[in-house]
1. Starting from the 7 Å offset along Cα-to-Cβ, what nm value, one decimal, do you get for the label separation of Leu334 and Lys309?
2. Over the stretch 112-212, give the accessible area per residue in Å² for a 1.4 Å probe, as an integer.
3. Within 12 Å, Cβ to Cβ, of Ala387, how many net charges do the neighbouring residues add up to if Lys/Arg are +1 and Asp/Glu are -1?
4. Any chance you could look up the accessible area of His172 with a 1.4 Å probe, heavy atoms only, rounded to 10 Å²?
5. How long are the semi-axes of the equivalent ellipsoid of the stretch 112-227, defined as square roots of 5 times the Cα gyration tensor eigenvalues? Whole Å, largest first.
6. Less than 13 Å Cβ to Cβ from Val353, Lys/Arg counted +1 and Asp/Glu -1: what total charge do the surrounding residues give?
7. Over the stretch 88-194, what is the relative contact order in whole percent, taking alpha-carbon pairs under 8 Å and six or more residues apart?
8. Figure the gain on full extension for Phe56 and Arg30 (residue separation times 0.36 nm, minus the Cα-Cα span) and round it to one decimal in nm.
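The values are calculated or read from the model by the stated rules, or taken from the named source; none is laboratory data. Treat the numbers as computed from the prediction; the structure is a model and nothing was measured. So basically every Cβ, Gly included, is an ideal-geometry build from the backbone, and we count neighbours across all protein chains shown. The protein model used for the area step is the full one, side chains on, heavy atoms only, and it has no ligands, DNA or RNA in it. Shrake-Rupley method; radii C 1.70, N 1.55, O 1.52, S 1.80 Å.
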Amino acid sequence: MRISSYAIVDTTESIDVELRPTRELGILQRVLVLGFCALLIFAVLAFGAVDEWATFVLEAGAALLFLVWAGEKFVSKKIELSKNPLYLPAFLFFGLIVAQITLRRSAYGYVTKYEALQYVSYGIVLLIGAESVREEGARKIFALVMIAFGAFYAFFALAQQLTSNGKIFWVHSPQFHGSIYGSYVNHNHYAGLMEMLVPIPFVLSMGHLLRGGKRALVGFCTVLMASTIFLSGSRGGMLAFVLEMVFFAALTLGKKQSPRRALGSVAVCVLILALLVFLGKGQVVGRLGDLSPGIRLDISRDSLRMFFKRPIGGWGLGTFPTVYPSYRSFYTNLFVNEAHNDYAQLLVETGLVGFGLMLWFLVRLYRHGLPTSRRWEFKWDGAVSLAGLLGCTGILLHSFVDFNLQIPANAAMFYALCGLAASRPLAESSIPRRSPAIGKAGIGGRTPSDSGGWLARPHN
């Protein structure tokens, strides 16, 4: 056998990361990953964790996960944190909340303390996602569990819609009337959750991590989950999903990858429309044209007036429904509990300081998440990072016209995806080992793939 003198041996760190076998997860690590998934799923099924008992269980579960994580670090004698870029802005935002409480700058101190505890639970979710779901095996478990849950949950929501008796799970009557969908009283919040979950099966169906029947099954889960966004009737959810598909296509075409992957988003949309027509629900698409601002624009204008009264530090986290009646510019016998615009509410409650920290958080999210997502076709870390970025993009757009991030279940899912998207893969943080060369040439050359990774290619 003759070995070509033109063969190339690449000993870069990227190859070492590719060739290194995936380390088996320890028992505590598996407990952390599965507990992390279970906590997020519980919050969704517990009516979005908006009731006091469900909020308490979410906070207690997060605290328990933190203790398990700390115990795992103590047992492994590796008490260290990764250099996640989101930690600093998140910690400074918590400092702002503490300042509002200690300096008595909150219009309702008790509510701000209550919201501070919720924010701590979100911070723990961010921490666990960034620290304990970094390895390939952990990210694979997370992705598959979320796909399975998302598909079954979408099927349940569809079945409940077709056989609705006005109760959640057919047995629970909500305290306040609303447009029930899934386990949420508000259909917009169901759509917000699905916006964050759909990108996971979608990205996997477009990549090469799954093949054959598994890939087709994941593609079916994508269509099922995305269809329920349209069937729920949420206009913000529909537009957010379309933006996610456009964002994915832009990233794919921007890297000069195969047009097949960019056209995949179009194919998913076509299949969704076909399913809607088959179910006789094609009329929901017509709701896209009914975008009259209505009362939400009035609330946003009133929010600006509230902001100008306390522009620096805000009125206090969670105090919007307490302060708003004094600034309301229209008559209603309804209780306005949220601003129906997460950005306006954040500006009112935390002022320019909190709003600036939020913008810094998002800039760091995309700046550090996009490089990892380039490996999405062949690596689980890249696929989960890209799916996380797509999900965050959808919910951030939807937040302009709704208050998804005021719902504990959706907020926890958002921070979990942020932690996953911005964290560096564990393999990149370890010391690289170089692959041995065979003389001055190898049997096969390596060529960079479109995803930024490396693929073996036989040399003729």
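1. 2.2 nm
2. Details: 3630 Å² over 101 residues.
So the stretch 112-212 comes to 36 Å² accessible per residue, rounded to a whole number.
3. Working: positive: Arg139; negative: Glu195, Glu244, Asp381.
Surrounding charge for Ala387 is -2.
4. That residue has around 60 Å² of solvent-accessible surface.
5. Values: eigenvalues 154, 114, 19 Å².
Here the semi-axes work out to 28, 24, 10 Å.
6. On the way: positive: Arg105, Arg310; negative: Glu349.
Charge balance in the 13 Å sphere: +1.
7. On the way: 59 pairs, mean separation 13.7, N = 107.
It rounds to 13 percent for the stretch 88-194.
8. Working: separation 26, 0.36 × 26 = 9.36 nm, distance 2.42 nm.
Roughly 6.9 nm would be gained on extension.
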